[in-house]
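Have a look at the structure below before the remarks.
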Amino acid sequence: MDKLVIHGGHPLQGTVRASGAKNAALPILIATLLAPGEHVIDNVPELVDVSFTLSLLGRIGCPSLIPAEGGARVRLDTTRVAFSEAPYDVVRKMRASVVALGPLLARCGHARVSLPGGCAIGVRPIDQHLKGLEALGCRFELEGGYVNGVVEHLRGAEIHLDVPTVTGTENIMMAAVLADGVSVIHNAAAEPEIVDLACFLRAMGARIRGEGTDTIEIDGVPALRPARNPYRIMGDRIEAGTYLVGGAITGGAVTVERAPVAALGPVLDTLRQAGCEVTVDGDRVHLRRDGDLRPVDIETRPHPGFPTDMQAQWMALMALAQGTSTIRETIFENRFMHAAELMRLGARIELDGNTARVHGREQLTGATVMATDLRASASLFLAGLAARGTTEMLRLYHLDRGYEKLEAKLAALGAQVERVPDDVRVRTGVSADDRAAI
């Protein structure tokens, strides 16, 4: 295992390019199951979760081809589906594998998918997935930790989701595109990644309207065609937002290219409220911070609210604001585990259920910290960039799940960071002279 060694105190300066969106790439790759043949997809990020998804498709019988020199184009051959199962050893590593349920049922008429169970940031049940698919004619049995599904004939239906689940909406959409008749998903999730999935399905011949709103209408078609003209996945709004917060937390000036600007609206607005200068030029977002950070209260909400996947990064930023801010997490019940690790760096945070009060201070100090989930790892990385002294971050596998070459990209912006084996000893924190100056 590796760890990151971060020498803080260096403002980020320069331009960085956002990679393809992880949360769009995973369902789009799985959606290729709906149309037999060769698909070509561009802007696919090189991430652990993407590797897991391609591995799952390979085990099902759909091989992928990535250029030997690397790159963001993937070719997938979905001509033959040999198995209709997403086993536990894959789903436990990547919960998004559960979105294979709808496409496998639509393609094969049967599917066996492991229940994903809980995760570090809370329990994420799939009851809404099953509710929607049952309305389309599917039948399910739960046995030995697996969902066994069958369907003789998919038929259009009116589906009312109890909560606007992202993966649930995606699962239902991917089955409904091949159903007989019209399907309407009410209280659908409206995240930009769902819009990207709808665009990809349309590229295969699906008839969808209303994506990006709480009501999605789908006219089922008899068959879909492969997406042979390269389909380009949208830029990652969370990665782009993380870079922008990196510029803000270090008092630097960062430009993010190929940013999904429309999807970043809530984050850009909040950064402006915090005292940052933010300008947009096409798909380029430029951030500069010269003065003090102002405290800004946030509450995570489904899109178009402030994204839960940016909450941890925002907490790191507010740890250096000139005053007290309040963060309320409404999406996941256990997504403040990074708070304890931020406090190891000197952050002053009070937790009360799903609310955190962050009392900003002038300086954080380096320490050894441990990532607890994907976005927590980003918050610790950012805090380490701003901290005085050296920070050592463990459990990098979380970071590698969702950020493509993050340390290399930030190093190009001036961050002093290196990836080393776990057994390399590093002196963290600050010197006695620096400590006296804090």
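For the chain, with only Lys/Arg (+1) and Asp/Glu (-1) charged at the beta-carbon, what is the dipole magnitude about the Cα centre, in debye rounded to 20?
Roughly 500 debye, rounded to the nearest 20.
Based on alpha-carbon positions alone, could you give the equivalent ellipsoid semi-axes of the range 231-290 from the gyration tensor, as √(5λ), descending, whole Å?
Its equivalent ellipsoid spans semi-axes of 19, 11, 10 Å.
To make sure I understand the rule: partners must be lysines, Cα under 16 Å from the Cα of LYS409, and not fewer than 8 residues away in the same chain. Which ones qualify?
Those lysines meeting the cut-off do not exist here.
Rounded if a/c is under 1.5, else prolate if a/b beats b/c, else oblate: with a ≥ b ≥ c from the C-alpha gyration tensor eigenvalues square-rooted, which is the range 266-335? Before the final figure, lay out each step's value.
Details: a/c = 2.50, a/b = 1.26, b/c = 1.99.
Note, shape of the range 266-335 comes out oblate.
Going Cα to Cα from LYS3, which lysines come in below 16 Å? Please leave out same-chain ones fewer than 8 positions away.
LYS405
Diagonalise the Cα gyration tensor of the range 22-232 and give the resulting equivalent ellipsoid semi-axes, square root of 5 times each eigenvalue, largest first, whole Å.
Details: eigenvalues 107, 78, 57 Å².
Those come to 23, 20, 17 Å.
Which listed residue (PRO192, LEU351, VAL278) has the Cα farthest towards the positive end of the charge dipole for the chain, taking +1 on Lys and Arg C-beta and -1 on Asp and Glu C-beta about the Cα centre?
VAL278
Say each of ASN187 and ARG361 gets a label point 7 Å from the Cα, pointing the same way as Cα to Cβ; how far apart are those two points in nm?
Each label point lies 7 Å from its Cα, and together they span 4.3 nm.
For every helix of n ≥ 4 consecutive DSSP H residues, a contribution of -39,500 (n - 2.57) applies; sum these over the chain, divide by its total residues, and give [θ] at 222 nm rounded to the nearest 500 deg cm²/dmol.
On the way: 15 runs with 137 residues, N = 438.
Mean residue ellipticity at 222 nm (helix-derived): -9000 deg cm²/dmol.
Between ARG425 and ARG207, what is 0.36 nm times their sequence separation minus the Cα-Cα distance? Round to one decimal in nm. It would help to have the intermediate numbers written out before the result.
Values: separation 218, 0.36 × 218 = 78.48 nm, distance 5.71 nm.
Length difference between fully extended and current span is 72.8 nm.
If you take the charge dipole of the chain about its Cα centre, with +1 on Lys and Arg Cβ and -1 on Asp and Glu Cβ, which of THR300, GLY235, GLY9 is farthest toward its positive end?
Of the candidates, GLY9 comes out farthest on the positive side.
Taking the Cα centre of the range 22-232 as origin and charging only Cβ (+1 Lys, Arg; -1 Asp, Glu), how large is the dipole, in debye to the nearest 20?
Charge dipole, the range 22-232, about its Cα centre: 460 debye, nearest 20.
Fewest Cβ neighbours within 10 Å first, please rank ILE159, ILE208 accordingly.
Neighbour counts put them in this order, fewest first: ILE208, ILE159.
Bear in mind that the values in this text are calculations on the coordinates, not laboratory data. Note that the structure is predicted; figures quoted are calculated from it, not measured. Glycine gets a Cβ as well: all are built from the backbone with ideal geometry, and neighbour counts include every protein chain shown.
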